[in-house]
Structures are given as C-alpha cells and as structure tokens.
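Quick notes on the structure that follows.
The values are calculated or read from the model by the stated rules, or taken from the named source; none is laboratory data. Because the structure is a prediction, the values reported are computed rather than measured. Please note: Cβ atoms are built from the backbone with ideal geometry, for glycine as well, and neighbour counts cover all protein chains shown. Please note that ligands, DNA and RNA were not included when accessible areas were found on the heavy atoms of the full protein model with its side chains. Shrake-Rupley method; radii C 1.70, N 1.55, O 1.52, S 1.80 Å.
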Amino acid sequence: MYQGKTVDAVLPAAGSGTRFGAGYNKAFVTLGDAPLFVHALRTLCAHPAIDRVFLVMQEKELASLPDLCLYGCDDTVIEFTEGGATRRESVQNAVLRSDADIVLIQDAARPFITFSYIDGCLAALETCRGATVAAPATDTVKIADEKGLVTQTTDRARTWMTQTPQCFDRKTLLRAYDAYDGSYEATDDCMLLEHLGEAIAIVPGSRSNIKVTTPLDLVLAQALLTGKSF
Ligand code: CTP
Ligand code: MG
C-alpha cells in the first residue's frame with residue numbers, strides 16, 4: 001500500500017535467455033548466493049509498499065523452483081503466473097490478474113533493484129500515470145536505417161537508457177493494452193502508454209542497475225555484487 005493505493009509487483013522471468021546462451025532460462029543462472037531472479041524477488045518481497053508479487057514463469061520451470069523462503073523471500077506474498085510468448089505478454093498475464101491500483105514491473109534479469117528506485121517510481125506516479133527508472137546515456141546514441149547508415153543522432157543530454165522498475169496506474173495500462181494493435185514490438189511497458197499520449201516520468205537511476213543479457217553482463221554483475229571496482 002502506498003498513500004492509500006494498493007501496489008502489486010510483476011517480475012517477468014519467463015524468457016529463454018537466448019542471448020545469454022546457457023541452454024536454459026538465464027533467470028536460473030547463479031549469481032552470488034542465489035539464482036538470478038531471486039535477487040530482485042527478495043527486494044520486492046521486502047519492500048513495505050508492495051502487497052503482492054506476481055512471479056511470471058514458464059509452467060515447465062515451476063517444478064525446478066527452489067524453496068524461495070531459504071533465500072529470504074516472503075512466499076506468502078508471491079503468486080505464480082504463466083509466461084507468454086513475448087515479454088509484453090508475460091507482463092500482461094500478471095497485470096490482468098492484479099486488482100491493485102498500481103503495478104510495478106521489474107525484469108527478473110536486473111538483480112540490483114533498490115528500495116530507492118521503487119520509492120522514486122511510486123513518488124513519480126503522484127503526478128503521472130507511468131514512471132521508469134533510467135540511466136543518463138554515456139555513449140552518443142545513433143539511429144540507423146536497415147542498411148546500417150546513420151539517419152539521426154540523439155541529443156545525449158536528453159537521452160536516457162531505460163531500465164526497470166517501471167510503475168503504472170493499472171487502469172491506464174489496461175487501456176494501453178486495449179489500444180495496442182501489434183504494429184510495433186513493445187520492448188518495455190512505457191511504450192504502450194507513450195502510444196496513448198500519456199506522460200511518463202523519468203526517475204534517474206544508475207548504470208550499475210544492469211540487465212544480465214549476455215555472459216559479459218554476468219561477469220559485471222558478479223563484480224558489482226562483491227563491490228569490485230574496475
Ligand atoms: N521475459 C518473460 N517472458 C518472455 C520473454 C522475456 O518473462 N516471453 C522476461 C525475461 O525472463 C527477463 C525480462 O523479461 O527477465 C527481460 O527480457 P530479456 O532480457 O530479453 O530476457 P530473455 O527474453 O530471456 O533473453 P533473450 O531475449 O536473450 O532470449
Ligand atoms: Mg528477450
């Protein structure tokens with residue numbers, strides 16, 4: 001509950017980890033003392049504003065789930081939801097089951113979510129219907145055409161690398177699902193609201209809030225976990 005509003009978290013962990021290349025879902029790769037997805041899960045379970053956590057998994061993987069209590073997760077607040085063919089569908093499956101005022105979405109592949117990111121997103125939702133944590137771009141970002149020729153360079157001072165958590169007024173997100181026509185791939189949930197013309201607030205985050213996508217990212221995550229500096 002946040003300022004009288006109920007809050008559900010959604011943790012999509014139903015991907016296949018193709019780019020990671022382990023041969024199984026990277027959510028189950030070990031990072032430090034726990035499988036990758038458990039790191040974000042225990043932060044969500046421990047946050048006082050979050051009432052329930054929808055853990056989105058492929059049905060066939062539920063059997064290989066470890067005892068989440070052993071990892072410090074409060075399993076009374078966890079509900080399992082079946083994954084979909086895309087990330088958007090996986091998230092949507094859980095959002096449709098939620099009856100909360102606010103949904104907070106966190107990629108299972110981002111282990112370094114903090115209470116301050118969650119608090120920042122919830123606070124931003126007081127003035128907008130959507131909010132995302134994002135890190136300021138440090139590279140100069142270019143848009144290229146299908147031939148690989150540059151067509152545009154973004155203004156770096158206004159370019160943000162979008163991360164999670166993202167949070168939304170749930171009813172507005174439902175409206176965005178209704179309006180979605182499948183003409184673009186919604187690689188994050190903010191895009192769906194952007195197409196409705198809804199304002200999305202940026203909550204400044206950090207480059208250390210990485211997503212484990214390739215094996216190199218796991219090396220970085222291990223170093224970040226042990227506090228090693230580069
Ligand atoms: N995800 C999901 N359901 C899908 C696809 C992705 O729940 N059908 C989840 C992943 O488990 C991950 C998050 O969405 O926690 C971000 O997706 P990504 O990093 O792309 O993970 P994968 O899709 O597993 O990896 P890849 O794209 O390399 O196959
Ligand atoms: Mg993917």
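Tabulated data
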{"quantity": "Qualifying positions in the stretch 52-95 - of a type in the set (S, T, N, Q) and over 20 Å from the mean Cα position of the chain (by Cα)", "calculated": "SER64, THR76"}
{"quantity": "Single residue of the stretch 3-42 satisfying the filter (assigned to a loop (DSSP other than H, G, I, E, B), more than 13 Å from the chain's Cα centre (by Cα) and among the aliphatic types (A, V, I, L, M)) that is surrounded by the fewest Cβ atoms within 10 Å (Cβ to Cβ)", "calculated": "ALA22"}
{"quantity": "Condition met for ASP155 (charged (D, E, K, R) and open to solvent by less than 50 Å² (accessible area, probe 1.4 Å))", "calculated": "no"}
{"quantity": "Filter result (surrounded by 15 or more Cβ atoms within 10 Å (Cβ to Cβ) and within 16 Å of ligand 2 (Cβ to nearest atom)) within the stretch 43-85", "calculated": "VAL56, MET57, GLN58, GLU61, GLY83, GLY84"}
{"quantity": "Subset of the stretch 158-173 (residues that are open to solvent by 80 Å² or more (accessible area, probe 1.4 Å) and among the aliphatic types (A, V, I, L, M))", "calculated": "MET161"}
{"quantity": "Contacts under 6 angstrom Cβ, first residue in the stretch 14-29 being near ligand 1 (Cβ under 6 Å from one of its atoms), partner among the aliphatic types (A, V, I, L, M) and assigned to a loop (DSSP other than H, G, I, E, B), 6 or more apart", "calculated": "ALA27/ALA13; ALA27/ALA108"}
{"quantity": "The listed residue being within 26 Å of ALA201 (Cβ to Cβ), within 15 Å of ligand 2 (Cβ to nearest atom) and crowded, with 18+ Cβ neighbours inside 10 Å, out of SER98, SER90", "calculated": "SER90"}
{"quantity": "Failed item, numbered, when ALA221 is tested on (1) more than 14 Å from GLN166 (Cβ to Cβ); (2) open to solvent by 30 Å² or more (accessible area, probe 1.4 Å); (3) not aromatic (Phe, Trp, Tyr)", "calculated": "(2)"}
